[in-house]
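Have a look at the structure below, then the notes.
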Amino acid sequence: MSANPGDSTVPYDISAERGWVRVADVVPAPGTIVESFIDRKGQTDDLVVWTTASGVPCVSEARCPHQWSHLASEGAVDGEELVCVSHFWRFGVEGEGWKQNVNGRRDRKGDLEVLPCVEYDGGVWVQSAD
Ligand code: FES
């Protein structure tokens with residue numbers, strides 16, 4: 001079972017018993033980012049929960065793959081992408097990483113891990129791997 005980023009259609013049982021974890025008590029407003037975390041595989045991983053300008057929620061690892069900036073403090077939403085303002089790598093809702101130069105040329109960079117999420121009961125949920 002999986003969900004797409006921002007999938008607000010929930011055809012299955014969202015519950016802790018089925019491995020779902022509530023990572024945000026509210027869906028962030030479009031264009032905003034909140035910090036979160038998840039306990040999985042014996043460790044606690046920092047996450048960010050963010051919503052695109054068009055209202056698609058997304059959950060991803062919190063650390064930029066470039067030089068490890070924390071995207072809750074060094075991130076900004078630009079349209080449908082999350083931008084690390086440290087060096088302006090940008091990430092789509094599937095986690096694909098890009099660097100865009102001043103002329104608009106985009107080059108592939110490292111990706112962010114994205115956790116498929118759903119909106120449910122007023123919050124944002126992901127399914128834990130363990
Ligand atoms: S640390 Fe994020 S772009 Fe460099």
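No lab work stands behind these numbers, since they all come straight from the coordinates. Note that the structure is a prediction, hence the values are computed from the model and not measured. Here the Cβ positions follow ideal geometry from the backbone for every residue, glycine too, while neighbour counts run over all protein chains shown.
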Check your understanding: Could you give the distance between the Cα centres of segment 17-59 and segment 98-112, to the whole Å?
Key -> 24 Å
Study note, to complete from the structure: Given a Förster distance of 25 Å, the FRET efficiency implied by the Cβ-Cβ spacing of residue 54 and residue 85, rounded to the nearest 0.05, works out to 0.75
Point to revise | Residue (of 82, 100, 31) at the positive-pole extreme of the chain, dipole from beta-carbon charges | key: 100
Review point. Under a point-charge model restricted to the Cβ atoms of Lys and Arg (+1) and Asp and Glu (-1), what is the dipole moment magnitude of the chain relative to its Cα centre, in debye to the nearest 20?
Key: 480 debye
Exercise for review: Please identify the cysteines of the chain that lack any partner cysteine with a Cβ under 4.7 Å from their own Cβ.
Suggested key: 58, 117
Study note, to complete from the structure: Between the modelled labels at residue 78 and residue 16 (7 Å from Cα along Cα→Cβ) the distance in nm is 4.0 nm
Study note, to complete from the structure: Helix-only [θ] at 222 nm, the chain, -39500 (n - 2.57) per DSSP H run of 4+, per residue, nearest 500, equals -500 deg cm²/dmol
Revision key, fill the gap. Output row, site residue 44, 7 Å Cα→C-beta label point, backbone N cut-off 19 Å, window segment 64-92, residues 64, 70-73
Practice item. Express in nm, to one decimal, how much length is gained between residue 70 and residue 37 on full extension, taking 0.36 nm for each residue of separation and deducting their alpha carbon distance. Key: 10.6 nm
Check your understanding: Whose amide H sits under 5 Å from the amide H of residue 120, counting only residues 5 or more places off or on another chain, with H placed in the peptide plane?
Key -> 125
Exercise for review: Using the Kirkwood radius over Cα pairs, work out the Stokes-Einstein diffusion coefficient for segment 16-127 at 37 °C and 0.692 mPa s, in µm²/s as a whole number.
Suggested key: 233 µm²/s
